[in-house]
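Undergrad: Please read through the structure below; I'll follow up with questions.
The values are calculated or read from the model by the stated rules, or taken from the named source; none is laboratory data. None of these values were measured; they are calculated from a predicted model. Neighbour counts run over all protein chains shown; Cβ positions are idealised from the backbone, glycine included.
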């Protein structure tokens, strides 16, 4: 595990703006060779583009059908839920507004990156009290965690 | 409900302990931690220097967060770098100087300086220009980021400053830095002296240490400009060796 | 002394003013540059009006009908006001018929200017490919399609995926820096109508801010909650025609993600800008234009007052506004003209 | 009575009421996009430049009739004068290092057309590489370097023709700053005085692709190879048309006047098929510092955002561009992706090389294609060049040079203009 961690950290280490490049999009070949010239490691590194080429609402439609997820379509991204969320303050990687948006638009790479944080939801319900559109974010988080767990996060593509 | 809204009010007060809420955006948390360790006085100076620059008035107006710049930004396709964020932070930096400081470490170095953003901005901002100015400030103050980023680049820097030309044929005699240019390139490197001698342009044929033949007097003028315009002082802020070497080269010219 | 009021412009504001004045007992001289009364809603064949989807005819029909038939209203279509002399209570105006070139002189007690607006010409801004790529249309053109009940691309097929791009020719220093105020609401109204017409269509609204003020907000909520219309916050940098579909490049500023997605149709929410008629009328009547080319009232908060005694303003020649405001301004200007009449002649 | 116009916080501009009216008229068309500020700002700068000349503060290097200028329309709708003869070749510090064919082909084309030029050794690069790449320069230094080079050209009585897109953009930016800011102007003046030079500002900043643009029909007249079957994609260099956008050439007959004309126009005039692609606005991935110390990013961008979409969308035979950095990045960045197993590839060269090839220049001795990595053989075959025998000729030539023979240098036809004596005013 430690070796793997190290490898992950070393990947793309010559990129000055490394902190802003997703790990999974860096392809650093252990061995790459052409015509006798060794292009392994950084010399053969490619960074895959992150352009979104498709919107995919299938996961979102699935969440709508789950109990307590039905009102997610009302969300207008005001951010009140995140503003009042005590968990989000402790760990900004958990962001209910953001989770709803990326699921709605089907941004697969983003979902993969942050989906595990959905389980941090403490279920306190502050967000549902604060939501001006009656989306019930707390319930949506439950629906999302079910959707992610049941593997539907990968669906649609 | 009343209890809940009181709680909400309390939470809202807690929001923005650093003056900036990051949401779930990776990278930015790291910036926040980074800024906590920074020197507040330096942060303030950076903002002042940026705003006092002649170009600032031309390059910065105000940002309505529309994202037009970013929609055309090349590095944004690979890196989570956005001209929009650059202008936003410049906009808010007057009250929160750490915002600029945070960016100077890694963020601004992602910019390709292609100015795609400038051409499309509906408010006529020039995010690329602002980044260029921030880079200058980073170098001048010898910020760690600038030193680290420029170190592998120092050979080119020295070359441009002392010859007025950049990558030169003699750099291609070794494959060390050009492995990714492949076998074709390896072949070319072996014959580069002859290939170069055969270029049918008189000012270039056989010239290996520069891009073209440059008069000594020309170089003397260039180095004098660099000294007088404060370039050497600025470079010395980050790469003292390079500045010293250029000064030495200038002395040898005399 | 005369009991006639000149109304310049036969759009919603002008018609409303004419109807109110005629009801009041005054004679009205209604001069319209085009050959048709009704202004932009009729000319561009608006299907319905925001926020309640009222059919355009229901609002405009009675006004046009009244003016066309009332003996109190003298309608000059295809005509422009060419000269104006005198002062409040007794102006002498020249009206030229553009078709036959004849000029007639009239004495009027006051003037109401209601020259309206033009939709922004999106071909001016090259990034949206309007006028060069098929299936890039303005909201003005979409209205007519919706009215016909036939929303199709140039190949005759209904689009499966449509993008509305907000703020085209608005809030941009290279074109028009102001906000057109109504295009958010109108676009959303159209998106809903499109959903109703086509059923199987994905609609994406690419916006910077949603400015559905007042009761128009219901449109925004309904579009999202009842019709499942998608909202993406950002601004489009380029629309590129691939020869088949339209590639829309933008940033989703909520996730800081670049998107380049193919669409079948792109609808541009083109803004409101002052037309040549406004400039011409202002020149003839000696009115000041503001920096944007709209007529500047004496005091920005009092729209009707043009700064010249006896000349009153109404509607979108002063600033972008909704149709309900425009109609009210027509009535407000009529009231001012009526006050002049009361002072000068017994009605 | 002159009126004082506030240009910026730094400076006021004295201008007559009539001139002001004229200026406002010029700026009436606000639709044309952007500049350092706006189109009006740019046109005002040009007017102010004339004003400074009148007041004796600067000398303007005018595009006089001796340079046989041709007019082109720019994005600001102003007509720009492009000198066609007696050119001072402002070389690019990148091109000479790894793509010398870029420059030798241009010289060869000029010589073929009988155009006199000066290839000066009294010249530095613009040093803007340091500005854009690493922030290791500043506006005063850049402006001083710009003006020293322009002064050197003026002394030789030849008009500067800038080969590099970055130098071109940087010089336009510097010119704007020198004209509009008294502070920078005064500092630059004192530096130039120390090195025995003065403020000589060129009336027009001219890129070599603009020269090819105005000469394209003359070039087409001398075309020897049929290129009508060759399909071409064009990448325009960012710093030519995004930095100070209103001063680059646009032509209604080329791409509807919506995209920069040079290079595309040259290819069209030669009879090649021009193909458009969706990522035309993207840069090449050069990124200044990136191409040197972070090629991971450069090559990924060049390949995934340019090469691959271009090949997929157009299937072009060749990708033409007009800047050193673009040729280098787009060409060299194909090696690694190909090794990874990606299939798309396209040869890359400058418009000058393509024009010279079509005019019958030697692909290796003149166009120096041996420095380019992406496979150019299919292209040459399509153009009807027997590359194998040309390679044989080149090898023999190389052998002769190795044995001490001097290459047959491309030389300018005799000049008609005399050098200006140094120190004497115009």
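Undergrad: Do you know which residues across the stretch B:234-254 are surrounded by fewer than 17 Cβ atoms within 10 Å (Cβ to Cβ) and free of Cβ contacts under 8 Å to residues at least 12 places away in the same chain?
TA: B:240, B:244, B:248, B:251, B:252
Undergrad: Within the group D:162, D:195, which residue is more than 20 Å from residue D:47 (Cα to Cα) and buried (at least 24 other Cβ atoms within 10 Å of the Cβ)?
TA: D:162
Undergrad: Could you tell me whether the stretch A:3-21 includes any residue that is facing chain B (nearest Cβ under 8 Å), crowded, with 19+ Cβ neighbours inside 10 Å, in contact with a strand residue (DSSP E or B) (Cβ under 7 Å, 6 or more places away or on another chain) and without any contact (Cβ under 8 Å) to a residue 40 or more places away in the chain?
TA: Yes; the residues of the stretch A:3-21 include at least one that is facing chain B (nearest Cβ under 8 Å), crowded, with 19+ Cβ neighbours inside 10 Å, in contact with a strand residue (DSSP E or B) (Cβ under 7 Å, 6 or more places away or on another chain) and without any contact (Cβ under 8 Å) to a residue 40 or more places away in the chain.
Undergrad: Residue C:5: closer than 30 Å to residue C:219 by Cβ, touching a residue at least 40 places away in the same chain (Cβ under 8 Å) and touching a strand residue (DSSP E or B) at 6+ places or on another chain (Cβ under 7 Å), yes or no?
TA: Answer is no for this residue.
Undergrad: Could you please give the count of residues in the stretch B:166-206 that are part of a loop (DSSP other than H, G, I, E, B) and more than 8 Å from every other protein chain (Cβ to nearest Cβ)?
TA: Going through the stretch B:166-206 one residue at a time, the tally reaches 2.
Undergrad: If you don't mind, there's one more thing I want to ask. Which one of these does residue D:241 not meet: (1) modelled with pLDDT under 95; (2) more than 14 Å from every other protein chain (Cβ to nearest Cβ)?
TA: So residue D:241 meets the others, but not (2).
Undergrad: Given the conditions (1) facing chain B (nearest Cβ under 8 Å); (2) part of a loop (DSSP other than H, G, I, E, B); (3) buried (at least 20 other Cβ atoms within 10 Å of the Cβ), and given that residue A:93 satisfies all but one, which numbered condition is not satisfied?
TA: Condition (3) is where residue A:93 drops out.
Undergrad: Looking at the stretch B:56-71, which of the residues that are crowded, with 21+ Cβ neighbours inside 10 Å and under 29 Å from residue D:178 (Cα atoms) is modelled with the highest pLDDT?
TA: Selected residue: B:69.
Undergrad: I want to confirm something. Restricting to the stretch C:132-153 and keeping residues that are loosely packed, with under 15 Cβ neighbours inside 10 Å and over 22 Å from residue C:48 (Cβ atoms), which single residue is modelled with the highest pLDDT?
TA: C:134
Undergrad: Follow-up. As an exercise: evaluate residue A:39 against (1) touching a strand residue (DSSP E or B) at 6+ places or on another chain (Cβ under 7 Å); (2) under 23 Å from residue B:110 (Cβ atoms) and give the number of the one condition it does not meet.
TA: (2)
Undergrad: Mind listing whichever residues of the stretch B:232-254 are more than 21 Å from the chain's Cα centre (by Cα) and assigned to a helix (DSSP H, G or I)?
TA: Passing the criteria: B:244, B:245, B:247, B:248, B:249, B:250, B:251, B:252, B:253.
Undergrad: Among the listed residues D:336, D:346, which satisfies the condition of being part of a loop (DSSP other than H, G, I, E, B), buried (at least 24 other Cβ atoms within 10 Å of the Cβ) and either free of Cβ contacts under 8 Å to residues at least 60 places away in the same chain or in contact with a strand residue (DSSP E or B) (Cβ under 8 Å, 6 or more places away or on another chain) (or both)?
TA: Exactly one of D:336, D:346 is part of a loop (DSSP other than H, G, I, E, B), buried (at least 24 other Cβ atoms within 10 Å of the Cβ) and either free of Cβ contacts under 8 Å to residues at least 60 places away in the same chain or in contact with a strand residue (DSSP E or B) (Cβ under 8 Å, 6 or more places away or on another chain) (or both), namely D:346.
Undergrad: Across the stretch D:220-259, what is the total count of residues that are within 19 Å of the chain's Cα centre (by Cα) and surrounded by 21 or more Cβ atoms within 10 Å (Cβ to Cβ)?
TA: Result for the stretch D:220-259: 19.
Undergrad: Restricting the search to the stretch A:96-115, which residues are assigned to a helix (DSSP H, G or I) and over 23 Å from residue A:129 (Cβ atoms)?
TA: Hits for the stretch A:96-115 are A:102, A:105, A:108, A:109, A:110, A:111, A:112, A:113, A:114, A:115.
Undergrad: Related question: Counting only residues that are outside any helix (DSSP H, G or I), facing another protein chain (nearest Cβ under 7 Å) and surrounded by fewer than 24 Cβ atoms within 10 Å (Cβ to Cβ), how many does the stretch B:72-105 have?
TA: Residues in the stretch B:72-105 being outside any helix (DSSP H, G or I), facing another protein chain (nearest Cβ under 7 Å) and surrounded by fewer than 24 Cβ atoms within 10 Å (Cβ to Cβ): 1 in total.
Undergrad: Can you tell which of B:171, B:175 is more than 30 Å from residue B:66 (Cβ to Cβ) and in contact with a strand residue (DSSP E or B) (Cβ under 9 Å, 6 or more places away or on another chain)?
TA: The unique qualifying residue is B:175.
Undergrad: Could you please find all residues in the stretch C:155-170 being within 15 Å of residue C:129 (Cα to Cα) and part of a loop (DSSP other than H, G, I, E, B)?
TA: C:169
Undergrad: Only one residue in C:241, C:220 is in contact (Cβ under 8 Å) with a residue 24 or more places away in the chain and out of contact with any strand residue (DSSP E or B) (no Cβ under 8 Å at 6 or more places or on another chain). Which one?
TA: C:220
Undergrad: Taking the condition out of contact with any helix residue (DSSP H, G or I) (no Cβ under 9 Å at 6 or more places or on another chain), touching a residue at least 40 places away in the same chain (Cβ under 8 Å) and within 14 Å of another protein chain (Cβ to nearest Cβ), does residue B:64 pass?
TA: Yes.
Undergrad: Also, quick follow-up: Output the number of residues of the stretch A:99-132 satisfying the condition of being touching a residue at least 60 places away in the same chain (Cβ under 8 Å) and either crowded, with 17+ Cβ neighbours inside 10 Å or touching a strand residue (DSSP E or B) at 6+ places or on another chain (Cβ under 7 Å) (or both).
TA: Here the count works out to 1.
Undergrad: So residue C:235 clears everything in (1) in contact with a helix residue (DSSP H, G or I) (Cβ under 9 Å, 6 or more places away or on another chain); (2) away from chain B (no Cβ under 14 Å) except one condition, right? Which one?
TA: Going through (1) in contact with a helix residue (DSSP H, G or I) (Cβ under 9 Å, 6 or more places away or on another chain); (2) away from chain B (no Cβ under 14 Å) one by one, residue C:235 breaks only (2).
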